[in-house]
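Notes for the one structure printed next.
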Amino acid sequence: MIKNHNKHHTPYASPVIHQKTGNLVDLQGRRITYLRLAITDRCNLRCRYCRPEDGVPFIPHKEILSFEELERLVAIFCDLGIKKVRVTGGEPFSRRGCMPFLVRLRRIDRVQHLHITTNGVKTSRYLDELAAIGLDGINVSLDTLDHNRFREITRRDYLDSVLQTVHGALARGTPLKINSVVLEDTSDDEIIQLAGLARDFPITLRFIERMPFSGTVRTARLKNGNLSLRLKRIFPEIEECNVDIPTTARIFTMPDFKGNLGIIQGYSRLFCQRCNKVRITPSGMLKTCLYDNGALDLKKLLRDGAGDYEIRKAIINCVQKRFANGHEAERFSSRASEPSMAMIGG
Ligand code: SAM
């Protein structure tokens, strides 16, 4: 049931773990407080760096965790100290019932921070409800502001709908971040245009390194270049902020910007020692690292009738065995082809 990938770890001091309350801590002393839930693998875009046009067969519906199962898991994870939950996918709003599910999650007191990550295509119609439940933030994925380029990257023509979501969220005062994957052919001009959103609006615009999750045959090393050097070259006046909360992003201020710029170096994996998150995939695998193969089959536990105590114990054991960093996770999880990020949740 629990895959043992720990045999190569250096044993560290044994962490103190309370089984009912708080303190989900791994062997490196990293405290886990952030849970990402990918509620579906379906998506209405076909971003070329995420999945092939018609490849990656969908997971059968019955193999995807039900909302009831997800809600139960969230409650269990909150018992273990999770404070922030992010609903993602696939595209979360591609799953019917996503909005009522968010309402139910909001009712769980111990979910202190509730966020979603969305491509923004269908999201604008839910913005009033999202504001009404006091959603703590929306991350919208947007890689370009150019219509042709958007069509080329996503293989769909929905840029206007995404921008409607961006401006609708701003109008409602919902905290907004935009995530932009920087591709090999992303130009400085595109970066400057996107950064303009953070100049004009209170948005954190984060540039993301491309990662090897394209749903296709494994390729050679990705050429991401050095994003922080590139940003400093384009914007010589940027200043890095010191952030005291665990985060995978580096954040920069710019004079006269209403918002901030950021970078997420998920390919370089420079932030692993600060990583406080775990993920649940649509089919119910717990991932303690983006690069692992799935460390615990939560769906099996749920559907075999395990009680909350047993599930908590399995999660604690699994988190203890978490890889030290994403490079180690990738080494022990090597595969012939890359999974799609839509199966993982970003
Ligand atoms: N559909 C939602 C969205 O578009 O935000 C949530 C899921 S999507 C898989 C989450 C994030 O992963 C998006 O920002 C997307 O750009 C990013 N992503 C997908 N494949 C990626 C890859 N190979 N490298 C880096 N980021 C990737």
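The values are calculated or read from the model by the stated rules, or taken from the named source; none is laboratory data. Keep in mind the model is a prediction, meaning the values are calculated, not measured. Quick reminder, even Gly has a Cβ in these numbers, built from the backbone with ideal geometry, and neighbours come from all protein chains shown. Remember, those area values only see protein heavy atoms, side chains included, never the ligands or the DNA or RNA. Shrake-Rupley method; radii C 1.70, N 1.55, O 1.52, S 1.80 Å.
Looking at ILE138, ILE133, just one residue is more than 30 Å from ASN317 (Cβ to Cβ), open to solvent by 10 Å² or more (accessible area, probe 1.4 Å) and in contact with a strand residue (DSSP E or B) (Cβ under 8 Å, 6 or more places away or on another chain), and that residue is ILE133.
Would you point out which residue out of LEU130, LEU222, LEU176, LEU183 is under 22 Å from the mean Cα position of the chain (by Cα) and under 19 Å from THR253 (Cβ atoms)?
LEU176
Quick check on the range 258-276. Is at least one of its residues within 13 Å of the ligand (Cβ to nearest atom), under 18 Å from MET343 (Cβ atoms), part of a strand (DSSP E or B) and in contact with a strand residue (DSSP E or B) (Cβ under 8 Å, 6 or more places away or on another chain)? Checking the range 258-276: not a single residue is within 13 Å of the ligand (Cβ to nearest atom), under 18 Å from MET343 (Cβ atoms), part of a strand (DSSP E or B) and in contact with a strand residue (DSSP E or B) (Cβ under 8 Å, 6 or more places away or on another chain). For the residues HIS147, HIS115, the requirement of being more than 12 Å from the ligand (Cβ to nearest atom) and either touching a residue at least 12 places away in the same chain (Cβ under 8 Å) or under 18 Å from the mean Cα position of the chain (by Cα) (or both) singles out HIS147.
From the list ARG250, ARG274, ARG335, ARG269, the lone residue that is open to solvent by 10 Å² or more (accessible area, probe 1.4 Å), modelled with pLDDT under 95 and on the phi > 0 side of the Ramachandran plot is ARG269.
If you go through the range 61-103 and keep only what is among the small types (Gly, Ala, Ser), more than 16 Å from the ligand (Cβ to nearest atom) and under 19 Å from ASP41 (Cβ atoms), you end up with SER66, GLY97.
Evaluate the following for ASP109: is it away from the ligand (no atom under 16 Å from the Cβ) and either farther than 17 Å from PRO92 by Cα or in contact (Cβ under 8 Å) with a residue 40 or more places away in the chain (or both)?
Values: away from the ligand (no atom under 16 Å from the Cβ): yes; either farther than 17 Å from PRO92 by Cα or in contact (Cβ under 8 Å) with a residue 40 or more places away in the chain (or both): yes.
For ASP109, the condition - away from the ligand (no atom under 16 Å from the Cβ) and either farther than 17 Å from PRO92 by Cα or in contact (Cβ under 8 Å) with a residue 40 or more places away in the chain (or both) - is met.
The one condition from (1) within 16 Å of the ligand (Cβ to nearest atom); (2) open to solvent by 50 Å² or more (accessible area, probe 1.4 Å); (3) of a type in the set (Lys, Arg); (4) not in a loop (DSSP other than H, G, I, E, B) that ARG206 does not meet is (2). Any residue that is open to solvent by less than 30 Å² (accessible area, probe 1.4 Å) and in a helix (DSSP H, G or I) - is there at least one of those in the range 288-295? For the range 288-295, residues open to solvent by less than 30 Å² (accessible area, probe 1.4 Å) and in a helix (DSSP H, G or I): absent.
All told, LYS223 meets the bar of being open to solvent by 50 Å² or more (accessible area, probe 1.4 Å) and assigned to a loop (DSSP other than H, G, I, E, B).
Quick one: ARG312 ticks every box in (1) under 22 Å from the mean Cα position of the chain (by Cα); (2) basic (Lys, Arg); (3) at pLDDT 80 or above except a single one, so which number is it? Checking ARG312 against (1) under 22 Å from the mean Cα position of the chain (by Cα); (2) basic (Lys, Arg); (3) at pLDDT 80 or above, the one that fails is (1).
For the range 60-80, filtering for residues that are open to solvent by less than 30 Å² (accessible area, probe 1.4 Å) and either assigned to a loop (DSSP other than H, G, I, E, B) or of a type in the set (Lys, Arg) (or both) leaves 3.
Looking at the range 296-309, can you tell me whether even one residue there is open to solvent by 40 Å² or more (accessible area, probe 1.4 Å) and at positive phi? Taking every residue of the range 296-309 in turn, at least one turns out to be open to solvent by 40 Å² or more (accessible area, probe 1.4 Å) and at positive phi.
Taking the range 129-144, which residues are away from the ligand (no atom under 12 Å from the Cβ) and within 19 Å of ILE203 (Cα to Cα)? Step through it out loud before you land on a result.
Just the residues of the range 129-144 that are away from the ligand (no atom under 12 Å from the Cβ), to begin with: 129-137.
Across the range 129-144, the qualifying residues are LEU130, ALA131, GLY134, LEU135, ASP136, GLY137.
Can you tell me which residue within the range 165-197, out of those that are of a type in the set (D, E, K, R) and within 16 Å of the ligand (Cβ to nearest atom), is least open to solvent (accessible area, probe 1.4 Å)? In this case the residue turns out to be GLU190.
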